[in-house]
Amino acid sequence: MATQFEATVEIDRPIAEVFAYLADGEHDPEFSPRVMTIEKSPAGPTAVGTVFRSTVKDAGMKTRREFRIKELATPTRIRWEELSKNLVTAAEGGYDLEATADGTTKVRIFNVLEGHGIGKLLVGFAAGAARKDAPAFGQRIKAAAEASIAR
């Protein structure tokens, strides 16, 4: 059983700059407190096929995560898939970006969570927690992007 959560936020920066910030997945620890470490392979600009490996802490447990970029449509769309096989994974996720008339950027983030093995029993709880945190998660992305991207 797969289930989705999402959040939408408006970031007070131009779309090209927000896209560049979000495409560089090494910024994730700036807005996701669960991400303890992250590294990109290969080095250099993010492209289709780039893999991000991270250590995250969920519900008191550390796990290794591996995500591959499967689509980049500059500056409006980023998609990833989780390669790791933990109890609950993000089968698909992404950002949709839209420029607004006043120069800000509307960003929608989503993840489709999927349970594996006993994780099939846990995915509903994980999705519920993610949905509950989604508005705050969106605000953390907004704050981190606006602080990181110079005016």
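The values are calculated or read from the model by the stated rules, or taken from the named source; none is laboratory data. Owing to the predicted nature of the structure, the values given are computational and were not obtained by experimental measurement. Heads up, the Cβs are rebuilt from the backbone with ideal geometry, glycines too, and the neighbour counts pull from every protein chain shown. For the accessible areas, the whole protein counts, side chains as well, though only heavy atoms, and no ligand, DNA or RNA atoms are used. Shrake-Rupley method; radii C 1.70, N 1.55, O 1.52, S 1.80 Å.
Which of rounded, prolate or oblate describes the stretch 3-69 when judged by the alpha-carbon gyration tensor and an a/c cut-off of 1.5? Oblate, since a/c reaches 1.5 and b/c is not below a/b. Label-to-label distance for S32 and A143 is 1.8 nm, based on points extended 7 Å past Cα in the beta-carbon direction. The simple spin-label model puts a point 7 Å past each Cα toward its Cβ; for A99 and E66 those points are separated by 3.8 nm. Rolling a 1.4 Å probe across the protein heavy atoms gives the chain an accessible surface of 52 Å² per residue. Taking the helices alone, the chain has a mean residue ellipticity at 222 nm of -9000 deg cm²/dmol, built from -39,500 (n - 2.57) per DSSP H run of at least 4 residues and averaged over all its residues.
For the chain, the longest principal axis of the Cα atoms and the long axis of helix 119-148 meet at an angle of about 20 degrees. Taking the chain as the region of interest, the number of lysine pairs whose Cα atoms are within less than 16 Å, with members eight or more places apart or on different chains, is 5. Approximating the spin labels as points 7 Å out from Cα along Cα→Cβ, the A43-to-F125 distance works out to 4.2 nm. Carbon-plus-sulfur accessible fraction, the chain (probe radius 1.4 Å, protein heavy atoms only): 57%. Size check on the chain: the Cα extents along the three principal axes, sorted descending, read 47, 33, 24 Å.
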